[in-house]
Every structure is written in structure tokens, then in C-alpha cells.
Amino acid sequence: MTRANLDKQPNEVAAMFDDVAAKYDRTNDVLSLGQARAWRRAVAEAVGAGPGDLVLDLGAGTGTSSLPFREAGAKVVPCDFSIGMLAEGKRRHPELPLTAGDATRLPFADASFDAVTISFALRNVHDTDAALSELYRVTKPGGRVVICEFSTPTWTPLRTVYTEYLMRALPPVATKVSSNPDAYVYLAESIRAWPDQPALAAKLQQAGWTKVAWRNLTGGIVALHRGTKA
């Protein structure tokens, strides 16, 4: 089994996600205590895609996160760099146009999408700034970005409990429900090392996004960042 390091070498991260592909969605539901589905609904509402819109769902994994956009009548392109995740997604959702791609060098033309989104995957990209710039490049003028990512709880007691859960409770739970528990130790470490809400907002602005704002979900355990391409 493969476990990536926090330097996030693409081949290591991709191999790790290949290992966990079959049980990834179920494991996330268990480890998030059922909150993962509510977070996906919040992303879909924030993107606000409808008929005629073309949406890029980056880091889509098995394509589960892409389904709400399709159900809303939009065209969605799920994109991921884990071949194992894409293969599992194709088995489950053969109707989705699952596409292999690197977040730092997206295989799409400039100004292709009305909206771009990435959920719980940006922190696994080895060059966050390059990924944000690529998302900007492939978005049409006036288009929007929505990023859903683990973040920093705003209430100190919750932050303490959450940190303890990540490093103490999560690995044993992952051992029971995941095909690769070590992968979830890496994921817990990557959450702890991830920038807080203002720091990620600053990165979005540096990449060119305007009207940058965020909304905390579940007390800041997760944050939805939004921006617009001028």
C-alpha cells in the first residue's frame, strides 16, 4: 500500500488514491460523520450551475461530486489525476465524461468553463498557486470558482477537539473501513498543514480572482471559498 508524504509528489499522491479508490466514498462518509454529503450539496448551491453551463469538477475522483451538477442540468467534466479513481468512477457512472488531468497543467483551452470547482483535493496538489492559476486560465470571463476544503475551526474548543480527532481517532477508524489506513494518516497531516481561511483567500487573489470570499461550514472544519474571473 502507498502513503504519500507532505511534499506531495504527484506520483505518490496518485498511487495513494489509486489504492483507496474502491472504498473512498464510503470511507469519507464514515470519517466525516455523515457530513460529506451536506458539504457536496453546499458546493453545488454555491456554484449555482444550471442548463447551458459547462462546469469543470477538478479532483472529482470517482465522479460522486459531479452528480449534483448533472442533476441541475449543467454539463460537467469530472477531472482527476488518479487513474484508479477514474476507473472506479467509470464503473459506477459510465455516463460521466471522466477525464485524466494534472491540476497544474490542465488539458483544456483558455476560457472553456462557466464555472470551476475543486472539493477536498486542492491541498493534495504539490503546487497550489499553479493550480489556482490554471483554474483561472480555463474559466470564462465573468465565470466563478468554488473551492471546498478542510480548514481551521473558528471556535477554540472545537479546534482542539477536531485536532485530537484527526490525529488520534481518525487512524483507528480508517483501519476498520479503508483499504489503506496509512493514506488517511497522510490526509489528516495534510489537513493540519493546510492554510487557514484568510491565507487561502489571499492565494486566490494572487492568482487573479476577484470578489473573493468564504463561508465556513460545520464551524470552520470546512470552508467554501468563492471568486470571480474579471
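Odds and ends about this structure:
Listed here are the residues, each with its yes/no results for (1) open to solvent by 40 Å² or more (accessible area, probe 1.4 Å); (2) of a type in the set (K, R).
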| position | (1), (2) |
| --- | --- |
| R40 | yes, yes |
| A74 | no, no |
| P78 | no, no |
| S82 | no, no |
| L106 | no, no |
| D110 | yes, no |
| A121 | no, no |
| A131 | no, no |
| R137 | yes, yes |
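- For region 16-38, filtering for residues that are in contact (Cβ under 8 Å) with a residue 40 or more places away in the chain, open to solvent by less than 50 Å² (accessible area, probe 1.4 Å) and of a type in the set (A, V, I, L, M, F, W, C) leaves 6.
Each row is one residue, and each column tells you yes or no for (1) surrounded by 14 or more Cβ atoms within 10 Å (Cβ to Cβ); (2) over 22 Å from A21 (Cα atoms); (3) more than 20 Å from the chain's Cα centre (by Cα); (4) of a type in the set (S, T, Y).
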residue	(1), (2), (3), (4)
W155	no, yes, yes, no
L158	yes, yes, yes, no
Y165	yes, yes, yes, yes
L170	yes, no, no, no
T175	no, no, yes, yes
W194	yes, yes, no, no
A199	no, yes, no, no
A202	no, yes, no, no
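- With respect to (1) farther than 16 Å from K229 by Cα; (2) open to solvent by 30 Å² or more (accessible area, probe 1.4 Å); (3) touching a helix residue (DSSP H, G or I) at 6+ places or on another chain (Cβ under 8 Å), the lone exception for R144 is condition (1).
- The number of residues in region 176-230 that are assigned to a loop (DSSP other than H, G, I, E, B) and either touching a Cys at 6+ places or on another chain (Cβ under 8 Å) or among the small types (G, A, S) (or both) comes to 6.
- Positions within region 1-20 being modelled with pLDDT under 80 and of a type outside the set (A, V, I, L, M), in sequence order: T2, R3, N5, D7, K8
- Screening the candidates T228, T210, T175, T218 for the property of being more than 18 Å from A36 (Cβ to Cβ) and in contact (Cβ under 8 Å) with a residue 40 or more places away in the chain yields one hit, T228.
So that you can scan it fast, the table gives a plain yes or no per residue for (1) touching a residue at least 60 places away in the same chain (Cβ under 8 Å); (2) of a type in the set (A, V, I, L, M, F, W, C); (3) in a helix (DSSP H, G or I):
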{"residue": "C148", "(1), (2), (3)": "yes, yes, no"}
{"residue": "P157", "(1), (2), (3)": "no, no, yes"}
{"residue": "M167", "(1), (2), (3)": "no, yes, yes"}
{"residue": "L170", "(1), (2), (3)": "yes, yes, yes"}
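- Verdict on G219 being farther than 27 Å from L67 by Cα, more than 16 Å from the chain's Cα centre (by Cα) and open to solvent by less than 40 Å² (accessible area, probe 1.4 Å): no
- Pick from region 110-135, criterion in a loop (DSSP other than H, G, I, E, B), among the aliphatic types (A, V, I, L, M) and touching a residue at least 60 places away in the same chain (Cβ under 8 Å), ranking: farthest from L54 (Cα to Cα): V125
- The test for being under 24 Å from E12 (Cβ atoms) and in a loop (DSSP other than H, G, I, E, B) holds for P107.
- Filter pass, V125 being surrounded by fewer than 24 Cβ atoms within 10 Å (Cβ to Cβ) and among the β-branched types (V, I, T): yes
The values are calculated or read from the model by the stated rules, or taken from the named source; none is laboratory data. All figures in this text were calculated on a predicted structure; none of them were measured in a lab. Cβ sites come from the backbone with ideal geometry, for glycine too, and all protein chains shown count toward neighbours. Heads up: the accessible areas ignore ligands, DNA and RNA and are worked out on the full protein's heavy atoms, side chains in. Shrake-Rupley method; radii C 1.70, N 1.55, O 1.52, S 1.80 Å.
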